[in-house]
1. Could you give me the residue pairs with C-beta distances under 7 Å whose first residue belongs to the range 315-340 and is touching a residue at least 12 places away in the same chain (Cβ under 8 Å), whose second residue is of a type in the set (Ser, Thr, Tyr) wherever it lies, and which are 6+ apart or on separate chains?
2. Looking for whichever is open to solvent by less than 10 Å² (accessible area, probe 1.4 Å), out of contact with any helix residue (DSSP H, G or I) (no Cβ under 7 Å at 6 or more places or on another chain) and within 24 Å of ILE270 (Cβ to Cβ) here; the options are ALA191, ALA214, ALA195. Which one fits?
3. If you check ALA83 against the conditions, is it under 16 Å from the mean Cα position of the chain (by Cα) and in a loop (DSSP other than H, G, I, E, B)?
4. Looking only at the range 310-328, how many residues end up being open to solvent by less than 60 Å² (accessible area, probe 1.4 Å) and assigned to a helix (DSSP H, G or I)?
5. What number of residues in the range 49-96 are open to solvent by less than 10 Å² (accessible area, probe 1.4 Å), within 13 Å of ligand 1 (Cβ to nearest atom) and in contact with a strand residue (DSSP E or B) (Cβ under 6 Å, 6 or more places away or on another chain)?
6. Given the criteria modelled with pLDDT of 95 or more, under 23 Å from GLY123 (Cβ atoms), in a helix (DSSP H, G or I) and not hydroxyl-bearing (Ser, Thr, Tyr), does LEU307 qualify?
7. ALA41 versus (1) closer than 30 Å to GLY168 by Cα; (2) assigned to a helix (DSSP H, G or I): which is the lone unmet condition?
8. Looking at the range 294-304, which of its residues are within 16 Å of ligand 2 (Cβ to nearest atom) and surrounded by 18 or more Cβ atoms within 10 Å (Cβ to Cβ)?
Amino acid sequence: MNIVRETTPDLRFTSEVERNTAHLYEKVRKVVPAVEWPVYAPLIDRINRLKKQKNAVILGHNYMTPEIFHCVADITGDSLALARSAAKTDADMIVMAGVHFMAETAKLLNPAKKVLIPAIDAGCTLAEAITAEDVRKLKAQYPGVPVVTYVNTSADVKAESDICCTSGNAVETINMLDVPRVIMLPDEYLALNTARLVKTEIITWKGRCVVHEAFTPTDIGNLRKSNPGVVVLAHPECSPDVIDVCDYAGSTAGMIDYVAKHKPAKVVLITECSMSDNVAAEFPELDFVKPCNLCPFMKKIDLEGILHALETETHQVEVDPAIAARARVSVERMLTGWKPGAA
Ligand code: 13P
Ligand code: SF4
């Protein structure tokens, strides 16, 4: 947790704060120890008042910690759901409780709104793995081949792309293009996993997610040995070798939907580990096995940072208008549908 920042007002766990937040503690009591609540509750109470005053909306990715995900986020979901919500919001200000590319995507879809990210250094190893110049070189190498870009990229890279995708719609997006070959970047594993599910030939790039590349088939074997009967769900940023030994692969929202639908008695989510806490809070009757791989970038977002962002209206995410205009087209094509050759 960050040190309380200078602008934060007196934050005490008064009886009023306790009353105001009691219903929120009920949501997270399985995963947030009672001893921690007096630290979180004053921040949560203050954030929830301030966001109403400022007509702000907090978008929370599924990897946020439970006190953010369940207690201050107005809309939660995977990258696709957050992009869709950002496109629709009538709030004056958007606070992204997620990483920088998510805030940038929200800004592309809302150029006139203030979009804030509580930690300016909340990056992503996939977004770091490729530059706009790399994409220009790929396009020169494969002329006419559409570029499908994972949303986990900078606006500069999106601006060089034909269309974006997320892990939640990669297969549908490629099938929608209806072409024999695409370039899919930057996540090599997502591209290889998607290639198995479509007829299209996929040219890959060498990007990796630091969290998901760490899982191995041996890890999954060990989990199964020590937890007989466990159902294993994985994110498609894991290697194809890992996906082969899992029971299901899908986006963060896909995994949550699987749990809600099938209610496996014992389950493990092969992804960032805060998500297990968030889902466990909703399904207390299920047994979650939690191998703990944290995303160092997602974990830069905390309640103090969110409060500071709302109080000071920083850090504002800005995108060069010329880049934004081109990047927006790629994101909007993903959201509304597109085929090469169409405008
Ligand atoms: P989702 O789109 O599945 O939420 O994934 C985002 C992400 O960063 C996964 O590591
Ligand atoms: Fe990026 Fe991986 Fe973190 Fe997701 S989990 S934000 S892909 S580094």
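The values are calculated or read from the model by the stated rules, or taken from the named source; none is laboratory data. This one's a predicted model, so the numbers in the text were calculated from it and none came from an experiment. When we count neighbours, we look across all protein chains shown, and the Cβ atoms used for this are built from the backbone with ideal geometry, even at glycine. What goes into the accessible areas is simple: the full protein's heavy atoms, side chains included, and nothing from ligands, DNA or RNA. Shrake-Rupley method; radii C 1.70, N 1.55, O 1.52, S 1.80 Å.
1. Within 7 Å, the pairs are SER330/THR149; SER330/SER161; VAL331/THR105; MET334/THR173.
2. Going through ALA191, ALA214, ALA195 in turn, the sole match is ALA191.
3. On the way: under 16 Å from the mean Cα position of the chain (by Cα): yes; in a loop (DSSP other than H, G, I, E, B): no.
No.
4. Quick first cut of the range 310-328, residues open to solvent by less than 60 Å² (accessible area, probe 1.4 Å) only: 310-314, 317, 319, 323-325, 327-328.
If we keep only those that are assigned to a helix (DSSP H, G or I) too, we end up with 310-312, 323-325, 327-328.
Matching residues across the range 310-328 total 8.
5. 5
6. Values: modelled with pLDDT of 95 or more: yes; under 23 Å from GLY123 (Cβ atoms): yes; in a helix (DSSP H, G or I): yes; not hydroxyl-bearing (Ser, Thr, Tyr): yes.
Judged against the criteria, LEU307 is a match.
7. The single condition ALA41 does not satisfy is (1).
8. Step one: filter the range 294-304 for residues within 16 Å of ligand 2 (Cβ to nearest atom), giving 294-302.
Of everything in the range 294-304, those that are within 16 Å of ligand 2 (Cβ to nearest atom) and surrounded by 18 or more Cβ atoms within 10 Å (Cβ to Cβ) turn out to be CYS295, PHE297, MET298, LYS300, ILE301, ASP302.
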